[in-house]
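Visitor: Please find one structure pasted underneath; my questions will follow.
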Amino acid sequence: MYGTTPGRRLVLAGALAAAIAWSVWVTGFEPSQWDLSAVRSFVAGMFPPDWTVLPTVIAEMGETIGIAFLGTLLAFVLAFPLSLAAARGLFPDWIGGLVRGAAAFCRAIPEILWALLFLVATDLGNISGILALAAHNVGILTKLMAEVYEAAPAGPQEAVLSTGAGRAAVIWHGILPWSLPHLFSHLFFRFECNIRTATVLGLVGAGGIGHLLMLHRSLLQYDRMLVDTLGILVLVLLSDALGALVRRQVT
Amino acid sequence: MIELEGITHRYREGQPPALDGVSLVIGAGERVALLGPSGAGKSTLLRCITGLVRPTQGVVRFRGRPVTGASPGELRAIRKEIGVIFQEYHLIEPYTALGNVLVGRFGHLPLWRVLLGLFPRADRELARRALAQVGLADQAQVPVRRLSGGQRQRVAVARALVQGGGVILGDEPVSNLDPATARMVLELLCEGNRREGTTLVLSLHAPELALEFCDRIVVLRAGRVVLDRPAREVTPGDLAAAYGLRAPASGAPGAPPG
Ligand SMILES: Nc1ncnc2c1ncn2[C@@H]1O[C@H](COP(=O)(O)OP(=O)(O)OP(=O)(O)O)[C@@H](O)[C@H]1O
Ligand SMILES: [Mg+2]
């Protein structure tokens, strides 16, 4: 921005104004048209919150954490061998290319789309949530973990190799000891993200607290929705705190 | 035992070669010192012998078997017989000193033992003895990242010792040690040479140590062998000439700078 001429700044401002005008036109974003009475009745419906649903909310929060945990774990178990195959320099190039391609495909599809696919296929909320998280995250973790191995220092690998040991020993003793803290830090970060994602997946029917929120919304029970929302807030704050704690331990 | 035939190696096309037509035959039980200024190609030469570097041209043979072009299985069998002390040690940082020394036994053990880290008692004792020999008996259980530079170097020496392959390639194995400890380590390597006939190829920066502990001096300069002579026949003037310096006027030994 700095150092541009007045002429260029004028063009820039014009482009920005045009972009705003076009976006308002296509989205119909017009505050004058808002129906504030609907907002008023919605807010009024939320108070007082109906705390009788609290036990259910807590149970569903637990379910969301469970979905996130199993989804992350499943992704990690699958990504461990896949990431070794995907890392450059360990296995023949064609294997690595194949695995990297498959991983890119898995993470290109958003979790919510995976969840809808699994819901259609299994008709089971929680399982769809777990599988959706696993399917997307196996793609992410495969890539992240392979990058860790590729960054591992060559020295220890050469030392193991030069004793006459084979590839398995080189991976196990030459690469993994250095990589382990980095792998765990990625894993916990994904778990933290997945707790948040799992609440959203519930909104399309894949189990947990999000699912409860959808249910109360469809029944117009806004006083219960407020409790659901507070539950989600607590969950996200908890996962943030957990992530911060783990990162401090690992790094 | 080790035969190098016309070895030329270029790390990058268009750059001057790190090794330029090196031919060398090293017999069993020899103690060869590899000298030469920094960047002369000493490390590259040692790495060619174990197949960590595949030379652009030439043939390397180990006990009559070709190293260049060996299958992965043959290469493993060859590497098992060659203990290497790396210039930068190449230790596994999170492991203890003992754990690092035991890596030297990997080539002799079945895969399940290597992966589970379950070493036979005899191997553990061998590793402990090697640590004691390099003066680190008390540091056996200390993670190597908490050791000093010289202590780490001695762990690397112990790892090569327990491999027991009959050959040790040392890439500046005493570069980080005080004079007394350096002599102790070289004495240890020579003892293996005297008692078991271990072949030693050691790259060194200090000519006086080379003359004292080795029986053959090979000097590399810009990737070529410029001197190859029995140690007792080498004069300070030879070394100065090989390093590309004028013979010192005083004729003092050890004149070439490290
Ligand atoms: N991995 C590498 N990639 C590119 N060039 C390299 C590499 N390793 C070494 N070289 C080059 O090859 C030449 C020989 O290097 P080498 O490490 O064999 O020298 P050296 O005699 O061991 O030196 P020193 O005494 O400093 O250890 C140098 O010019 C160096 O720049
Ligand atoms: Mg070197």
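The values are calculated or read from the model by the stated rules, or taken from the named source; none is laboratory data. The structure displayed is predicted, hence computed values, not measured ones. Glycine also receives a Cβ, built like all others from the backbone with ideal geometry; neighbour counts cover every protein chain displayed. Calculation scope for accessible area: heavy atoms of the full protein, side chains included, ligands and nucleic acids excluded. Shrake-Rupley method; radii C 1.70, N 1.55, O 1.52, S 1.80 Å.
Visitor: Among B:R54, B:R47, B:R63, B:R31, which is within 13 Å of ligand 1 (Cβ to nearest atom), open to solvent by 30 Å² or more (accessible area, probe 1.4 Å) and either farther than 19 Å from A:L161 by Cα or touching a Cys at 6+ places or on another chain (Cβ under 9 Å) (or both)?
Guide: Result of the check over B:R54, B:R47, B:R63, B:R31: B:R54.
Visitor: Within the range A:180-190, can you find the residues that are modelled with pLDDT under 90 and open to solvent by less than 50 Å² (accessible area, probe 1.4 Å)?
Guide: A:S185
Visitor: In this structure, is A:F118 within 14 Å of another protein chain (Cβ to nearest Cβ) and either modelled with pLDDT under 95 or open to solvent by less than 40 Å² (accessible area, probe 1.4 Å) (or both)?
Guide: Here the answer is no, as A:F118 does not meet what is asked.
Visitor: Of the numbered conditions (1) more than 28 Å from B:V226 (Cβ to Cβ); (2) more than 13 Å from chain A (Cβ to nearest Cβ); (3) within 14 Å of ligand 1 (Cβ to nearest atom), B:G69 satisfies every one except a single condition; which is it?
Guide: Single failed check for B:G69: (3).
Visitor: Can you tell me which residue is most open to solvent (accessible area, probe 1.4 Å) among those in the range B:128-153 that are in contact with a Leu (Cβ under 9 Å, 6 or more places away or on another chain) and in a loop (DSSP other than H, G, I, E, B)?
Guide: It comes out as B:Q141.
Visitor: Scan the range B:84-94 residue by residue and report those that are within 8 Å of chain A (Cβ to nearest Cβ) and either part of a loop (DSSP other than H, G, I, E, B) or not hydrophobic (A, V, I, L, M, F, W, C) (or both).
Guide: Listed by number, the residues that qualify are B:F86, B:E88, B:Y89, B:H90, B:L91, B:I92, B:E93, B:P94.
Visitor: Return the total of residues in the range B:105-122 being surrounded by fewer than 18 Cβ atoms within 10 Å (Cβ to Cβ) and either touching a helix residue (DSSP H, G or I) at 6+ places or on another chain (Cβ under 8 Å) or not in a helix (DSSP H, G or I) (or both).
Guide: So the count comes out to 6.
Visitor: Take the residues in the range A:134-164 that are within 14 Å of chain B (Cβ to nearest Cβ) and among the hydrophobic types (A, V, I, L, M, F, W, C); name whichever of them is nearest to A:A85 (Cα to Cα).
Guide: So the residue we want is A:A152.
Visitor: For the range B:30-51, enumerate the residues that are of a type outside the set (V, I, T), within 14 Å of another protein chain (Cβ to nearest Cβ) and more than 13 Å from B:A18 (Cβ to Cβ).
Guide: Listed by number, the list holds a single entry, B:G51.
Visitor: Right, here's the next one. Within the range A:121-175, can you find the residues that are open to solvent by 40 Å² or more (accessible area, probe 1.4 Å) and in a loop (DSSP other than H, G, I, E, B)?
Guide: A:D123, A:L124, A:P153
Visitor: Restricting the search to the range A:221-249, which residues are modelled with pLDDT under 85 and exposed (fewer than 14 other Cβ atoms within 10 Å of the Cβ)?
Guide: Passing the criteria: A:D240, A:A244, A:L245, A:R248, A:Q249.
Visitor: Tally the residues that are more than 10 Å from chain A (Cβ to nearest Cβ) and either polar (S, T, N, Q) or under 10 Å from A:H173 (Cα atoms) (or both), restricting the search to the range B:95-108.
Guide: 1
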